[in-house]
Amino acid sequence: DVMREVLGLKDLEAAIKQKLHIEKAIVVAGDSDLSPWVKKEMGRACVTCMKKRLKNGDIVAVTGGTTMAAVAEMMTPDAKLNDLLFVPARGGLGENVENQANTICAKMAEKALGNYRLLHVPDHLSREAYESLIEEPAVKEMLELIKSCRMVVHGIGDAITMAERRKTRKEDMEKIKARHAVAEAFGYYFNEKGEVVHKVKTVGIQLEDLPHVEHVIAVAGGASKAKAIQAYMKRAPHSILITDEGAAKALLGE
Ligand code: G3H
């Protein structure tokens, strides 16, 4: 850790914790907006953080996105952790397949030599279809597994970037803009104060479930996400934040 001291990352972590009123922050060198390898470094830091907290038999719920894809890519097996189950945190959010929670969950499990279960819920279901789907025994069983997770690992996105990347309906897009959403995490959109201004209706982990999950890890970096991170972390003071120097410095106004 001498290197981290030399780079001033420890000081950045302390400053971020104080600024965001959170319990733990990990900052990696660089800015993932500028250098793609920085996302992998966040992924590596996240894997270390996960392994420190996991024990055999644990269920880990993961979300989608490019940052979570980097976490999956950096995952490695652990001799002491040979019985982990990975599940997607929530159903479809309109992402392309490479960014979907199911894809990332399967990849992470494969790299960890763990098991996985997937959740197949189409986007934009009608109310009737949604209600009958969640009564299906196989879906119900899966939702119970997801809700019993001991760890959630998720990304945080810039609201407009995320709404545009997903197949967001015109009326929802207008709502997201009119209500000044700045952050997105697992299908929820938040304003600067951290208030929910829009939510993609889907099954799985809901925002109100998070306080009951033992370990919640948020992974997001790049100066362009500073505002989003600041807004979202108002909702999640007990979450561990894994970020990069670019986001940390932008957050601190440096
Ligand atoms: O769910 C997606 C995240 O909120 C952000 O995605 O890691 O690709 O920026 P990203």
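The values are calculated or read from the model by the stated rules, or taken from the named source; none is laboratory data. Since the model is a prediction, treat every value here as computed from it, not as a measurement. Cβ: placed from backbone, ideal geometry, glycine included. Neighbour counts: every protein chain shown. Areas reflect the complete protein model, heavy atoms only, side chains present, ligands, DNA and RNA absent. Shrake-Rupley method; radii C 1.70, N 1.55, O 1.52, S 1.80 Å.
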I'm told L12 meets every condition in (1) open to solvent by 20 Å² or more (accessible area, probe 1.4 Å); (2) more than 16 Å from the ligand (Cβ to nearest atom); (3) of a type in the set (A, V, I, L, M) except one. Can you identify the failing condition by its number?
(1)
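Looking at region 235-254 only, could you name the residues that are surrounded by fewer than 17 Cβ atoms within 10 Å (Cβ to Cβ) and closer than 22 Å to V196 by Cβ?
Just the residues of region 235-254 that are surrounded by fewer than 17 Cβ atoms within 10 Å (Cβ to Cβ), to begin with: 237-238, 252-254.
Within region 235-254, P237, H238 meet the criteria.
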Return the residues of region 177-200 that are open to solvent by 70 Å² or more (accessible area, probe 1.4 Å) and either within 16 Å of the ligand (Cβ to nearest atom) or in a strand (DSSP E or B) (or both); say none if nothing qualifies.
K199
Could you look through region 147-175, keep only residues that are open to solvent by less than 20 Å² (accessible area, probe 1.4 Å) and in a strand (DSSP E or B), and pick out the one that is farthest from the ligand (Cβ to nearest atom)?
M151
Name, by its number, the condition in (1) at pLDDT 95 or above; (2) more than 16 Å from the ligand (Cβ to nearest atom); (3) more than 20 Å from K201 (Cβ to Cβ) that does not hold for N82.
(1)
Determine, yes or no, whether S224 is in contact (Cβ under 8 Å) with a residue 24 or more places away in the chain, open to solvent by 20 Å² or more (accessible area, probe 1.4 Å) and of a type in the set (S, T, Y).
yes
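Quick one: in region 49-75, of everything that is among the polar types (S, T, N, Q) and touching a Leu at 6+ places or on another chain (Cβ under 9 Å), which residue is least open to solvent (accessible area, probe 1.4 Å)?
Going residue by residue through region 49-75, those that are among the polar types (S, T, N, Q) are 56, 63, 66-67.
Applying the additional criterion that residues be touching a Leu at 6+ places or on another chain (Cβ under 9 Å) yields 56, 63.
On the way: N56: 72, T63: 14 Å².
Applying the filter and picking the extreme gives T63.
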Need pairs with beta-carbon distance below 7 Å; first residue outside any loop (DSSP other than H, G, I, E, B) and within region 103-131, second modelled with pLDDT of 95 or more and among the hydroxyl-bearing types (S, T, Y); sequence gap 6+ or separate chains.
C105/Y116; A106/Y116; A109/Y116; K111/T76
